[in-house]
Amino acid sequence: MLEAPGGLYEAVPIKETSANSLALKLGISHNTVKQYLDYLVDAFVLLEVAKLKDFSRRRSPVKTPRKFYFWDPLMFYAFKAMSAGIRDAYTMVLNMSDRWKGVMTEMVVASSSIAHMMFSLEMIQDLRLLKRKLFYYKPQPGREIDFLVDINGRLVPIEVYSGEEIDSDHVKKLVRISEQLGTREILTYRGREIRLSEDFVAIPAPLFMLLS
């Protein structure tokens, strides 16, 4: 999850993964990988997000693949430096901050905003319940919504964008998912303005994190 195919310093968007694929890559058993992942999730090192392909089946989402986010971005930086054999993690982060901004924006919004929002709104005390409330939506390759949050039985889509301007492709995507769910989507991005339309609300990422 830390080393991308392009090299130790490369970063890719948060990718789907499974215990089987990690086991093949690491050369250890599927059960061992699953035990490690379960431990890291239970220890609040990783946040696990289930995949949802059908809105009507959110009570029983597919078991694999999943996405995993670090609860603390500093852990991501530390493990990334360790995997690259670098002692000076601070300099590495300064050099790679622009390339990693998309990954880090999605990671921080997931752990510091959405998950904490779920803990407070739903009064969740058990991580197993959080797994049944937080999803990413990917009905087919190339079509994905970063997060679907189940709030009081209603799915609210949340899209994370690292850019400062909202382009037409994002607007089309937001309109489509909002029409399907009958609810207004939240877009959190790196811009400075709040935008409100019939289909979505665009909120600057720092403000969204404060509201959560």
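The values are calculated or read from the model by the stated rules, or taken from the named source; none is laboratory data. For clarity, every value in this text was computed on a predicted model and none was experimentally measured. With ideal geometry, Cβ positions are generated from the backbone for all residues, glycine too; neighbour counts draw on all protein chains shown.
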Practice prompt. Select from the range 132-148 the residues that are of a type in the set (D, E, K, R) and either part of a strand (DSSP E or B) or without any contact (Cβ under 8 Å) to a residue 40 or more places away in the chain (or both) and list them in ascending order.
Written response: K133, K138, R143, E144, D146
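Conditions tested, residue by residue: (1) modelled with pLDDT under 80; (2) out of contact with any Ser or Thr (no Cβ under 6 Å at 6 or more places or on another chain).
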residue: Y9; (1), (2): yes, yes
residue: S29; (1), (2): no, yes
residue: K34; (1), (2): no, yes
residue: K51; (1), (2): no, yes
residue: D54; (1), (2): yes, yes
residue: R59; (1), (2): yes, yes
residue: P65; (1), (2): no, no
residue: F76; (1), (2): no, yes
Worksheet entry | Pairs, first more than 17 Å from F55 (Cα to Cα) in the range 176-189, second crowded, with 16+ Cβ neighbours inside 10 Å and among the acidic types (D, E), C-beta under 8 Å, six or more apart | I186/E159; L187/E159; T188/E159
Response to the item:
The condition from (1) charged (D, E, K, R); (2) over 18 Å from the mean Cα position of the chain (by Cα); (3) under 21 Å from K15 (Cα atoms) that R154 misses is numbered (3)
Fill in: Filtered residues of the range 88-134 (kept if modelled with pLDDT of 80 or more and among the acidic types (D, E))
D88, E106
Item to complete: Considering each residue of the range 164-200, count those that are within 19 Å of the chain's Cα centre (by Cα) and aliphatic (A, V, I, L, M), and give that number.
Response: 4
Worksheet item: Is there a residue being in contact with a Phe, Trp or Tyr (Cβ under 7 Å, 6 or more places away or on another chain), buried (at least 17 other Cβ atoms within 10 Å of the Cβ) and assigned to a loop (DSSP other than H, G, I, E, B) anywhere in the range 166-186?
Response: yes
Worksheet item: Between a first residue in the range 65-82 that is part of a helix (DSSP H, G or I) and a second residue that is modelled with pLDDT of 80 or more and hydroxyl-bearing (S, T, Y), which pairs have beta carbons less than 9 Å apart while being 6 or more apart in sequence or on different chains?
Response: P73/S111; F76/Y69
Worksheet item: In the range 136-155, how many are buried (at least 17 other Cβ atoms within 10 Å of the Cβ) and touching a helix residue (DSSP H, G or I) at 6+ places or on another chain (Cβ under 9 Å)?
Response: 8
Worksheet, complete the sentence: Per the filter on the range 87-109, residues loosely packed, with under 15 Cβ neighbours inside 10 Å and touching a helix residue (DSSP H, G or I) at 6+ places or on another chain (Cβ under 9 Å) are R87, D88, Y90, S97
